[in-house]
Amino acid sequence: MNHSQTLVTYVRNIAELNFLAENHNPQVKIELILGTSLLSRFFDNSEHELIELLRKARQMNFSVTLEWDVLNQEDRFLKTIQLIEKLPMHDFFAIRVQDPGAVSFIKEKYPWLKIHLILENGNHNLIGLKKWSEFLGPQLDRLVLSNELSKELLADYSKALSIPIEILTFGRILLFYSPRKLLSPVEKKAVHDQTIEAFGTSEESPHSGFPLIENLHGTFMFNVKDLYLLDQLQALNEMGIHFLRVDLRFDDSFNKFSKTILELFAGTITEPEMSLRQNNPRPLIKGFYNINKSDVLFAKLKNKRTQRLDDFYIGEIVDVERDQQLALLVKSTHWDLSQLPEVKMITPEGKEKILQFTWVKSSLGESVKSVEQNDLVLVPYVNGVTVKTQVYLNPKT
Amino acid sequence: MSHWTPELLSPAGSLEKLKVAVLYGADAVYLGGQKFGLRQASDNFTYEELAEGVEFAHSRGVLVYVVLNSFLHDKDLLELPEFLTLLVDLKIDAVIVSDLGVIETVLSLTDLVVHLSTQASCLNIESAKLWQQMGVKRIVLGREVTIQEARKIKEATRLEIEMFVHGSMCMSFSGNCVISNYTQGRDSNRGGCAHSCRFEYSLDFKNEDSMENKKAYFMSSKDLEGIRLLPEFIEAGIDSLKVEGRNKSHHYAGTISKVYSEALGHYKKHGHFLSDDMLNWESELRKVSHRDYTTGSLDVYAGVDSIYNQRVDEDNEYVVSGIVLEACVGKHLLVDVKSAFMPGDILEVMPFKTPIENLSVTFLESLSGVSLPKSKPGSVVKIPYILGAEKFNIIRKKA
Ligand code: SF4
């Protein structure tokens, strides 16, 4: 463990706080995230409990940040603000926010409070990250980046940005956040604000056992595998990523793993993976850390369709009657037929046919001299031409 | 006296659907280019189709917005300026964006108007204020926001506000679902959503001392239908009402545009929605494929009754038989066949502005006049003319 790195972790109660105070090596930098049920997705502390924890943590000289990561519609947002206004905000080192509304509120009302900006959804480009930094100026203390960024991108961003970066290095991967309560209706209990936990498995998905939580804020689904990057501390340090978050809030993880994590960060053990792998309820993965190819489909889409060459484009064959005629739907805005043209036809398979139209008729069988966009005309049958064949004026004529 | 009504913004999943939406009454359409949008399944527009679509819409006074609402990566942003130049040349009316890097790129290189996509989940006044400072002119609010909250956002910011009035809904906060990214290796915020929320799940509930198992389509949302809430939208001054569904059929694009534009047209003329047609409009909305309707969070935050706890059912009450390519007055209609029909069938023609008409298929011929026993999808056929039918009318049949 390099001592320029900081372990960022959640503390939910006095017992956890005491445990950290008693077991942590003073050389290891620890930053605690505190929260309360109204502000945070997964804290269930009351406001009073939060203040108590904050007081104790400060007495113990921990650096403490406040988590405000819920997304709130206007009416709920106003209630959240009322709570924020009651809290001793000066005692927090920083506030962690995701909702741009929360960002805007803190920027305006608490310009002295450092912001740890959670950009874990999207924000996969440097231009955007720089704009956020510019917008928040010196108030921005840290960017919390997405676990979908590969190590190459993390290294690039760390180099290009003057703002410190934080990433999750161990814990559940959140997949889905809905404000609607989705578990209690199935459990057939009245919808309420108590926390319900479940695991979901679908025959339509190759994966099973998605952890699910319903609470005051709605419903959350997590991945069937948890993130593990704790074997990458050295590499992350070399990239300049010094804030490493560990999330021990679920599955009794605090009790099972906090000691091991503290030892890892203190450098007294180097490889906690075996112990974590054996005791974690789910398999561990590196996610997209090594490579992110989830946009393969996106890349494939490019140029998938045949491009029209519009200067010469006439339209598309929409019907073929063997040995009789073709029906041509005119797509160009105007087509003068005083001279019967030579045309190039390109079939969906890419075969080209160059020929002269000997006649062009309306659906009533009358000769036509000019047509407009979206008119349908009949032209002579051409062997091998099928529906969706594109028709162009032959550029050489 | 004409009463103010919001813009009706319809989806245009392809050039043909754009024409359908425009002709059936949309005030504006939104569409995607070959890249940068979120709908990989829709027949996204080539540049030339875009040019044709913009010309078609603009010549009828209809606005065109182009979606660039993927969360773009650095390498995509390198390709964006070239596309933006094309959009500027085509004089499109706005771009719909969700990512700050894209907003920054658009505003630094062009004077295109930027609308914030619902993908950015803008939910409150403070959030709207932030995006306003970033340069957006209109906000497409998250579907979790009520009309009354939207009104407050509008009043506090004077920004243009757009809300969804109809269509499918994501169960998650938009932009906050990455199920497909981890389970299918497809980025749902870049068009790769595998609709895992529509699956049936077996749920093991963690109780004090036991596990209880239940099966449910617990995270699938019903579809939004806001027609009954049009007075509230108008009263709140919501600028634009958006219909979801770039991937949906011609029938959908036409029906929804027709119904909502007729309803808004009624209000424009009379200043109220007390019309015998309301039941008719609702009945038409039930004829397009949907998963049971809900008002979502438009009125109060979406509750238990907004969950669609059943398999997504593709059974449609109506199927599209074809699109009229030519109406030769008094003689015949030429129809681009979308699904088979036969002589003797009773079809329904959907005129743009007037009520649906029944059409009896007394003859069915090829273009050269050969009688056909059945129409073949992908061909063009002649059927009898019916008064009022026009080019691009949808013809449908009860399934
Ligand atoms: S899986 Fe469902 S909730 Fe998630 S992005 Fe897709 S439609 Fe939305």
Worksheet item: Does B:Glu155 satisfy the criteria of being more than 12 Å from the ligand (Cβ to nearest atom), modelled with pLDDT of 95 or more and open to solvent by 30 Å² or more (accessible area, probe 1.4 Å)?
Response: yes
Worksheet item: Identify, please: which residue in the stretch B:196-209 is away from the ligand (no atom under 16 Å from the Cβ) and open to solvent by 10 Å² or more (accessible area, probe 1.4 Å) and is, among those, farthest from B:Tyr24 (Cα to Cα)?
Response: B:Asp209
Discussion item. I'd like the full set of residues that are within 13 Å of B:Tyr385 (Cα to Cα), within 14 Å of chain A (Cβ to nearest Cβ) and assigned to a loop (DSSP other than H, G, I, E, B), limited to the stretch B:327-362.
Written reply: B:Val329, B:Gly330, B:Lys331
Response to the item:
Note: among A:Glu148, A:Glu204, just one is farther than 25 Å from A:Ser40 by Cβ, within 12 Å of chain B (Cβ to nearest Cβ) and not in a strand (DSSP E or B), namely A:Glu204
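When you go through A:Arg249, A:Arg282, A:Arg245, A:Arg277 one by one, which is the residue that is open to solvent by less than 40 Å² (accessible area, probe 1.4 Å) and farther than 26 Å from B:Glu212 by Cα? Show your work before the answer.
Details: A:Arg249 fails: farther than 26 Å from B:Glu212 by Cα; A:Arg282 fails: farther than 26 Å from B:Glu212 by Cα; A:Arg277 fails: open to solvent by less than 40 Å² (accessible area, probe 1.4 Å).
The conditions single out A:Arg245.
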Worksheet item: Of these, A:Leu175, A:Leu129, A:Leu153, A:Leu143, which one is farther than 30 Å from A:Asn255 by Cβ, assigned to a strand (DSSP E or B) and either in contact (Cβ under 8 Å) with a residue 60 or more places away in the chain or out of contact with any Lys or Arg (no Cβ under 7 Å at 6 or more places or on another chain) (or both)?
Response: A:Leu143
Worksheet item: Pick from A:Glu197, A:Glu214: which is farther than 28 Å from A:Trp132 by Cβ and at pLDDT below 95?
Response: A:Glu197
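Report whether or not B:Val67 is modelled with pLDDT of 95 or more and over 20 Å from A:Asp156 (Cβ atoms). Step through it out loud before you land on a result.
Numbers: modelled with pLDDT of 95 or more: no; over 20 Å from A:Asp156 (Cβ atoms): yes.
The answer is no for B:Val67.
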Worksheet entry | Odd one out for B:Glu149 among (1) within 16 Å of the ligand (Cβ to nearest atom); (2) farther than 24 Å from B:Val66 by Cβ | (1)
Item to complete: Given the conditions (1) closer than 15 Å to A:Arg282 by Cβ; (2) of a type outside the set (Gly, Ala, Ser); (3) more than 14 Å from every other protein chain (Cβ to nearest Cβ), report the number of the one that A:Val224 does not fulfil.
Response: (3)
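Do we find that B:Gly388 is within 13 Å of chain A (Cβ to nearest Cβ), over 19 Å from B:Ser249 (Cβ atoms) and of a type in the set (Gly, Ala, Ser) in this structure?
Numbers: within 13 Å of chain A (Cβ to nearest Cβ): no; over 19 Å from B:Ser249 (Cβ atoms): yes; of a type in the set (Gly, Ala, Ser): yes.
Taking the combined requirement at face value, the residue does not satisfy it.
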Worksheet item: If you check every pair at least six apart or on different chains, which have Cβ atoms under 6 Å apart with a residue in the stretch B:179-204 that is more than 7 Å from chain A (Cβ to nearest Cβ) first and a residue that is of a type in the set (A, V, I, L, M) and more than 10 Å from the ligand (Cβ to nearest atom) second?
Response: B:Arg198/B:Val312
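Any residue that is farther than 24 Å from B:Ala253 by Cα, at pLDDT below 95 and either in a loop (DSSP other than H, G, I, E, B) or away from every other protein chain (no Cβ under 12 Å) (or both) - is there at least one of those in the stretch B:279-298?
To start, the set of residues in the stretch B:279-298 that are farther than 24 Å from B:Ala253 by Cα comprises none.
No - not one qualifying residue is present in the stretch B:279-298.
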Discussion item. Please go through the stretch A:145-181 and give me each residue that is more than 15 Å from the chain's Cα centre (by Cα) and within 16 Å of the ligand (Cβ to nearest atom), ordered by number.
Written reply: A:Pro179, A:Arg180, A:Lys181
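Any chance the stretch B:245-253 includes a residue that's more than 10 Å from the ligand (Cβ to nearest atom), under 26 Å from A:Thr201 (Cβ atoms) and surrounded by fewer than 23 Cβ atoms within 10 Å (Cβ to Cβ)?
So in the stretch B:245-253, the residues more than 10 Å from the ligand (Cβ to nearest atom) come out as B:245-253.
Going one step further and asking which of them are under 26 Å from A:Thr201 (Cβ atoms), we end up with none.
No; the residues of the stretch B:245-253 include none that is more than 10 Å from the ligand (Cβ to nearest atom), under 26 Å from A:Thr201 (Cβ atoms) and surrounded by fewer than 23 Cβ atoms within 10 Å (Cβ to Cβ).
Name the one entry in B:Asn124, B:Asn189 that is within 13 Å of the ligand (Cβ to nearest atom), buried (at least 24 other Cβ atoms within 10 Å of the Cβ) and not charged (D, E, K, R).
Working: B:Asn124 fails: within 13 Å of the ligand (Cβ to nearest atom).
It is B:Asn189.
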Worksheet entry | Per-region count, the stretch A:226-242, residues buried (at least 19 other Cβ atoms within 10 Å of the Cβ) and either at positive phi or acidic (Asp, Glu) (or both) | 1
Worksheet item: If you go through the stretch B:210-237, how many residues are within 14 Å of chain A (Cβ to nearest Cβ) and either within 15 Å of B:Gly296 (Cα to Cα) or away from the ligand (no atom under 16 Å from the Cβ) (or both)?
Response: 12
Worksheet item: Somewhere in the stretch A:246-263, is a residue of a type outside the set (Asp, Glu) and either within 10 Å of chain B (Cβ to nearest Cβ) or under 21 Å from the mean Cα position of the chain (by Cα) (or both)?
Response: yes
Worksheet, complete the sentence: Log entry, pairs with first residue in the stretch A:185-205 being open to solvent by less than 60 Å² (accessible area, probe 1.4 Å), second being part of a loop (DSSP other than H, G, I, E, B) and modelled with pLDDT of 75 or more, beta carbons closer than 6 Å, six or more apart or on different chains, reads A:Val186/B:Phe218; A:Ile196/A:Leu183; A:Ala198/A:Leu183; A:Ser202/B:Phe199
Discussion item. Consider the stretch B:77-103. How many of its residues are surrounded by fewer than 23 Cβ atoms within 10 Å (Cβ to Cβ), within 12 Å of chain A (Cβ to nearest Cβ) and not aliphatic (A, V, I, L, M)?
Written reply: 3
Discussion item. Return the residues of the stretch A:265-274 that are open to solvent by less than 30 Å² (accessible area, probe 1.4 Å) and either at pLDDT 85 or above or outside the structural domain of A:Leu248 (by TED's automatic domain parsing) (or both); say none if nothing qualifies.
Written reply: A:Phe265, A:Ala266
Fill in: Odd one out for B:Gly135, checked against (1) open to solvent by 10 Å² or more (accessible area, probe 1.4 Å); (2) more than 22 Å from B:Glu244 (Cα to Cα); (3) within 16 Å of the ligand (Cβ to nearest atom); (4) touching a residue at least 12 places away in the same chain (Cβ under 8 Å)
(3)
Worksheet item: Can you tell me which residue in the stretch B:158-178 is nearest to the ligand (Cβ to nearest atom), limited to those that are more than 13 Å from chain A (Cβ to nearest Cβ) and closer than 19 Å to B:Ser289 by Cβ?
Response: B:Ser168
Worksheet item: For the stretch A:28-44, which residues satisfy the criterion of being open to solvent by 50 Å² or more (accessible area, probe 1.4 Å) and touching a helix residue (DSSP H, G or I) at 6+ places or on another chain (Cβ under 7 Å)?
Response: A:Leu38
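The values are calculated or read from the model by the stated rules, or taken from the named source; none is laboratory data. Owing to the predicted nature of the structure, the values given are computational and were not obtained by experimental measurement. In this analysis, Cβ positions are derived from the backbone assuming ideal geometry, glycine residues included, and neighbour counts consider all displayed protein chains. For accessibility, only protein heavy atoms count, side chains too; no ligands or nucleic acids. Shrake-Rupley method; radii C 1.70, N 1.55, O 1.52, S 1.80 Å.
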